[in-house]
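Contents: one structure, followed by commentary.
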Amino acid sequence: SRLADLRYTGYELKKGKYSLPGLPAFHGGEEWETLVIHLADSTCKASVKLYYGVLEDRDLITRAVQVVNEGSRPLRLRRCASLCLDFQRGDMDFITFNGCHAQERNLDRAPLRQGVQSVESVRGTSSHHHNPFVILCEHSANEDCGVCYGAMLVYSGSFLAAAERTQLENNRLLLGLNPYHFCWTLEPGQSFTAPEAALVCSPNGFGQMSRQFHRAIRENLIHDPCQGKRRPVLINNWEATEFDFDADKLVRIAQAAAPLGIELFVMDDGWFGVRNSDRSGLGDWSVNEKKLPGGLEALVPRIRELGMSFGIWIEPEMVSEDSDLYRAHPDWALGAPNRPFARGRNQLVLDFSRKEVRDHVYGAIKQVLGSTCISYVKWDMNRSLTDVWSAALPASRQGELFHRFVLGVYDILDRMCRDFPHILIEGCCGGGGRFDAGMLYYTPQIWCSDNPDAIDRLRIQYGTSFCYPISAMGAHVSAVPNQQTGRSVSVETRGVVAMAGTFGYEMDLNYTTQEERETIKKQVAFFKEHYDLIQRGDYYRLSDPFAAPFTAWEQVSPDRREALVSLVSHANHAAAPFRTLRLKGLDPEAQYRVNGGEVWPGDVLMTAGWPVPIPTGDYQSAQLYLRAE
Ligand code: DGJ
């Protein structure tokens, strides 16, 4: 039967944080407390452990679930959510973060109606379309007041987030693995662990909730090889060259970047196998010597001579049909018997549920990473999972494949982090298609979107910031007119927007003017000087890019002695009203010197506000650096 009647049998309370085998999870020491609640169904002989991790300082509670088959017959799990939370009230709003490729994580807010409202992914990744982070809040909640609950799933595959307003006017929030195409067989004695969910409650609006998540993600989730050090300002060649490059072209891009203070050169897609377009080469992880004669051993020293470190792009989960790997192992790709493949970006997905596939791919990548001095990897993933069928699983167990695939991805990421602890991994999934806490555990930063247009990015980064910290959002200054929107925005404004993320460049700086290069040099120096404030400061959203004619945000140092305010205007009109921007998080008693000039009292900046300059051209920006006297 499908019945389950789980009854309480006991509990354990311990210091420290539980961990989950094969799954990413929050971690830490004695600042955590763990509660384990034991349940059992005496008929089907299943036992369940509910794990709760409490990090009181951050008001953060995590939850994970483990099911064990204690009986003598197989048990099939068809649904296993990570979080199920009942609220004694129905009048709440449900906030989700939705979009598509190049327009990820746009905020949507609506009051809950009776019935179930949900967002989900059935794509095998957390997806561009919905994010495994949602908020339930009071109708009146805003940035600074009102009760809100943020819930995230520490998982990178198909998920379901559902809020139900019940017939009794209560709310139930459910978050976990998507039950679509999920069926996991537990043989006697076997166990299944569902991914971790994490919950933050803020009585003071979204701003406080976000800051709690940011700090917990930075300090208790991400394994950052640069922890305590600065992450490098990078330049990536993708938008400048796509597949059309050779060693000299790459070196010329690096040569233009190094004198401006840029520290890391990243070689993107196209360096391996036969890869001159997206139709071939994936899976053949050895250097294409036609493009790079002498291989990485010849190229990397040329970059390092410029004083830059070297990074490389990979897409381990994929295979092109036109590749040696596919010709040798056609059954290593996911694909249903007797059906044609559904292709995405002309490529197939490797069956990462199979250890031999993972061992082969990782072996090849490990050889590349170990062959020379590499300090950064961009891990890309450019299509959804569609033909979800493994040649290695019996028909009755194909419902395990979506999740087994994700476990396989985590396995390789884990091996890479262990074998190359000095390498910074940046996640990417056709831009921001897998921007979730599961990936962040292994990849401290994730390319936020394939859309680097500074004005579109304001909305994308705004939505992303509700859960994820600035230091996690890959953001670059790219060339204008922008490839996607055709919009031209000054290099100053592009820099301000990219500084609301990890900060880097994605263009050939040989095609900039001397004046622009001077600006870039100053930007890089400014970013480095204020790195801690920008990347680790408390983050405040000062306006909503969907509502206001400008977007503004602020970072404040934990001791409130310093702040950086950034503002970008995106809709100019004649006879614009006089506006002030009220700053947040400052010390009301302190006197702040603004950009080395006038001194303003903290309480005035927070109550009366700073007069917003009336822009006289498109997409202008301003930054205010405040230092307490
Ligand atoms: C998609 C990524 O988002 C881009 O930045 C770039 O790496 C391409 N893939 C390369 O194929």
Using the Kirkwood radius over Cα pairs, work out the Stokes-Einstein diffusion coefficient for the stretch 324-401 at 20 °C and 1.002 mPa s, in µm²/s as a whole number.
151 µm²/s
Using a 1.4 angstrom probe on heavy atoms only, work out the carbon and sulfur share of the accessible area of the chain in %.
49 percent
Could you rank the peptides 154-161, 284-291 by their average count of other C-beta atoms within 10 Å per residue, with the highest value first?
154-161, 284-291
Where only protein heavy atoms count, and the probe is 1.4 Å, what is the accessible area per residue for the stretch 228-276 in Å²?
32 Å²
Working out 0.36 nm times the residue gap between Glu529 and Phe546, then minus their Cα-Cα distance, what length gain in nm do you get to one decimal?
3.0 nm
Return the FRET efficiency for the residue pair Asp246, Asn142: r is the Cβ-Cβ distance, R0 is 56 Å, and the value is rounded to the nearest 0.05.
0.60
P(r) over all Cα-Cα pairs of the stretch 187-301, 10 Å bins from 0 to the longest distance, whole percent per bin, short to long, reads 11, 25, 20, 21, 18, 5, 0
Distance in nm between Thr9 and Asp324 label points, each 7 Å along Cα→Cβ, equals 5.4 nm
For the chain, what does the relative contact order come out to in percent, with C-alpha contacts under 8 Å and a separation of six or more?
12 percent
Obtain the nm distance between the two label points defined at Lys229 and Ala342 by a simple spin-label model: each point lies 7 Å from its Cα along the Cα-to-C-beta direction.
4.4 nm
How large is the direction-averaged shadow of the alpha-carbon convex hull of the stretch 496-625, in nm²?
8.9 nm²
Counting pairs of alpha carbon atoms under 8 Å apart in space and at least six apart in sequence, what relative contact order in percent does the stretch 392-447 give?
29 percent
Magnitude of the Cβ-charge dipole (Lys and Arg +1, Asp and Glu -1) of the chain about the Cα centre, nearest 20 debye, reported as 1000 debye
At least 18 Å along the helix axis (C-alpha) and Kyte average at least 0.0, DSSP helices within the chain
401-419
Please compute, for the alpha-carbon atoms of the chain, the extent along each of the three principal axes and give them in descending order in Å.
76, 63, 44
Loop-resident sites, the stretch 547-586, for chymotrypsin sites (Phe, Trp or Tyr not before Pro), counting at most 14 other Cβ within 10 Å (DSSP):
Phe578
Mind grabbing the accessible area of Cys429 for me, 1.4 Å probe, Å², rounded to tens?
10 Å²
Virtual spin-label span in nm between Lys355 and Gln483, 7 Å along Cα→Cβ
4.0 nm
Quick check for you: with a 1.4 Å probe and neighbouring chains kept, what is the accessible area per residue of the stretch 1-87, in Å²?
58 Å²
Residue separation between Ser286 and His422 times 0.36 nm, minus their alpha-carbon distance, gives in nm 46.8 nm
Which one of Leu107, Leu173, Phe503 is farthest out on the positive end of the charge dipole of the chain, using unit charges on Cβ (Lys, Arg +1; Asp, Glu -1) and the Cα centre as origin?
Leu173
Can you give me the solvent accessible area of Tyr326 with a 1.4 Å probe, rounded to the nearest 10 Å²?
40 Å²
Let me cross-check Met606: its accessible surface, 1.4 Å probe, with only protein heavy atoms counted, in Å² to the nearest 10?
40 Å²
Taking 0.36 nm per residue of separation and subtracting the Cα-Cα distance, what length does fully extending Arg172 through Phe578 add?
141.7 nm
Dimensionless Rg ratio for the stretch 240-334, taking C-alpha atoms and the 2.2 N^0.38 Å reference
1.18
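The values are calculated or read from the model by the stated rules, or taken from the named source; none is laboratory data. None of these values were measured; they are calculated from a predicted model. Backbone-built Cβ (ideal geometry, glycine too); neighbour counts: all protein chains shown. For accessibility, only protein heavy atoms count, side chains too; no ligands or nucleic acids. Shrake-Rupley method; radii C 1.70, N 1.55, O 1.52, S 1.80 Å.
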